[in-house]
Amino acid sequence: MRRSEREVTSKKEITVILDSCFSLHVGFYDDGHIYIVPVNFGYTEIDGKFTFYFHGAKAGRKYGLIRKGPAVGFECESGGEVGTAETACGYTTFYTSIIGEGFVSEIESREEKRTALNCIMKKETGRDTWTFPDIMLNNVGVFKIVVSGLTCKQHKR
């Protein structure tokens, strides 16, 4: 990272930043093009390893790209406050961001889907004790990204 003084390496700090992010932007390679889609997400961190979870339809471009190849990139950010100055070159943006890559796959088992959906709901609501009827679990696509690498950067005021 070029601006090493802005790098965040503490897993605890990274989870605080993830909790503040509104959505995860997932990037797919699509035959010479890049397709990026924002998704609501949840995550787990076990022994320093992150896994992200999101859901969607079992149809469409995103679903087709997930089935086509597992490698993805991702990004999320929070903050975004502009710091003003007397000169144009003095302006800056205060933010936190996480950028990385990993491997996406569809979750097939109902129990793992329940766990993943509760991770998403915990991030959104603070509660992870939701119930999901089998009919819904059969119809929704639930996906996980096993993170192979990420960097976190924070530019504070």
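The values are calculated or read from the model by the stated rules, or taken from the named source; none is laboratory data. As the structure is a prediction and not an experimental result, all values here were calculated from the model. Neighbour counts run over all protein chains shown; Cβ positions are idealised from the backbone, glycine included. Just so you know, the surface numbers come from the protein's heavy atoms only, side chains and all, with ligands and any DNA or RNA stripped out. Shrake-Rupley method; radii C 1.70, N 1.55, O 1.52, S 1.80 Å.
The table below gives the values:
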item	result
Mean residue ellipticity (222 nm) of the chain, computed from DSSP H runs ≥ 4 via -39,500 (n - 2.57), nearest 500	-7500 deg cm²/dmol
Cβ-placed point charges (K, R +1; D, E -1), dipole of segment 1-140 about Cα centre in debye, nearest 20	320
Cross-link partners of Lys68 among aspartates and glutamates (Cα-Cα below 14 Å; sequence separation of 8 or more within a chain)	Asp30, Asp31, Glu106
Solvent-accessible area, 1.4 Å probe, carbon plus sulfur percent, for the chain	53
Cross-link partners of Lys122 among lysines (Cα-Cα below 18 Å; sequence separation of 8 or more within a chain)	Lys12, Lys113, Lys144
Rotationally averaged projected area of segment 1-90 (alpha carbon convex hull; nm²)	8.7
Crossing angle, helix 11-20 versus the chain [Cα axis fit, 0-90 degrees, rounded to tens]	80
Tail fraction, Cα-Cα pairs, segment 108-157, threshold 12 Å, whole percent	70
Packing-based order for 95-108, 129-142, using average beta carbon neighbours within 10 Å, highest first	95-108, 129-142
Per-bin percent of Cα-Cα distances, segment 79-125 [5 Å]	5, 14, 11, 13, 15, 10, 8, 8, 8, 5, 3, 1
Selected from Thr151, Leu137, Thr87, residue furthest toward positive end of dipole (segment 52-157; charges at beta carbon)	Leu137
Distance in nm between pseudo-label sites at Thr44 and Arg110 (7 Å out along the Cβ direction from Cα)	1.9
With eigenvalues of the C-alpha gyration tensor scaled by 5 and rooted, segment 70-157, Å	37, 17, 9
Distance from segment 62-108 to segment 122-157 (C-alpha centre basis), Å	16
Largest-first principal axis extents, alpha carbons of the chain, Å	59, 40, 27
Cysteines having no other Cys beta carbon under 4.7 Å from their own, within the chain	Cys89, Cys119, Cys152
